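The values are calculated or read from the model by the stated rules, or taken from the named source; none is laboratory data. Here the structure is a predicted model, which is why all the values come from computation and not from measurement. Heads up, the Cβs are rebuilt from the backbone with ideal geometry, glycines too, and the neighbour counts pull from every protein chain shown.
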Amino acid sequence: MLPRLLLCLAILSFPLAARASGTEDVIITTDGAILRGHVSELRPGKSATIVLLDGRTRTLSWSEIAKSEGPSFPDAKPAATEEDDRINPLEPGPGRVPLVVESAGAQQSISLHFAGAIRINGWGVSVTARICDTPCTMYLAPGAYVLQSEADGVVAARTPVTVSSTGARVKLKAPSSGVRAGGVALIAVGSAAILAGAMTMAMQPIFGTVTDYTTTGEPTTYNTSTGANLIIGGGITMGAGAAMIIPGAIMIAKTKGGVAEESAYEKSPNRQLQVNAGASHNGGWLGATVRF
């Protein structure tokens, strides 16, 4: 709350600071600091370097500048060009670190999913941007992201990942959509079998008993073989249904997407192989160095 208050106060006092000297450049940073001096290098959309009145030099990224004014700034804050405004996540850039994405099975299409990225009339609209196919390397600012993966024959999934300040490497699961469909089918058939078995057992009082009025003069109810068969048949059917539901649930549980392996990003080391091929015509040695 305090940094926001300082920033608001700095912006409100900005016209007075800017008018103090018409030859000075004034920059207000996002944390509320007011920098006065002369801009020695301006890269719209990227950075600005200012030589302060006390001789110190500071370089600010474009995202750190809340407001600016002075002879070096034709506008209050020059808008980034269309080209500068585009960020290619597959190319390295300042403030971004590598995120290596691999698949534990079939090649998958990878997208970045931003939940509620756009607000319309108070409603959050999610945005998904397709980036690459595995294996690939994205260059992102450190933070939390959601990767959406999909492919033919693979269960689509959204997987949260965290990119540290040094980068990350993740291997995504590639669960088979066919296995999941088989699990769903087993659960459906098993559930139907349990219902059928229960209905069969419920018919025992109707079709499995006989009432005798002749022996004692009082109504007497006897269980018949039909009733026993209904109980046995219903129980067997319910047991078979349960036997199908259990493996079906296991199959579905094993086809959930997510991270199979995760580790910190490590740059592949350079290796050298020295090969001596023999003496040259001037008495030296011919050699070759291979880096990989």
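Matching residues to (1) among the acidic types (Asp, Glu); (2) in the same structural domain as residue 32 (by TED's automatic domain parsing); (3) at pLDDT 80 or above:
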{"residue": "52", "(1), (2), (3)": "no, yes, yes"}
{"residue": "108", "(1), (2), (3)": "no, no, yes"}
{"residue": "113", "(1), (2), (3)": "no, no, yes"}
{"residue": "122", "(1), (2), (3)": "no, no, no"}
{"residue": "133", "(1), (2), (3)": "yes, no, yes"}
{"residue": "139", "(1), (2), (3)": "no, no, yes"}
{"residue": "142", "(1), (2), (3)": "no, no, yes"}
**Study point:** All positions within the stretch 28-70 that are small (Gly, Ala, Ser) and either in contact with a Phe, Trp or Tyr (Cβ under 6 Å, 6 or more places away or on another chain) or surrounded by 15 or more Cβ atoms within 10 Å (Cβ to Cβ) (or both)
**Key:** 32, 33, 37, 45, 47, 48, 66, 68, 70
Exercise for review: Taking only the stretch 140-158 into account, find how many residues are surrounded by fewer than 19 Cβ atoms within 10 Å (Cβ to Cβ) and among the hydroxyl-bearing types (Ser, Thr, Tyr).
Suggested key: 1
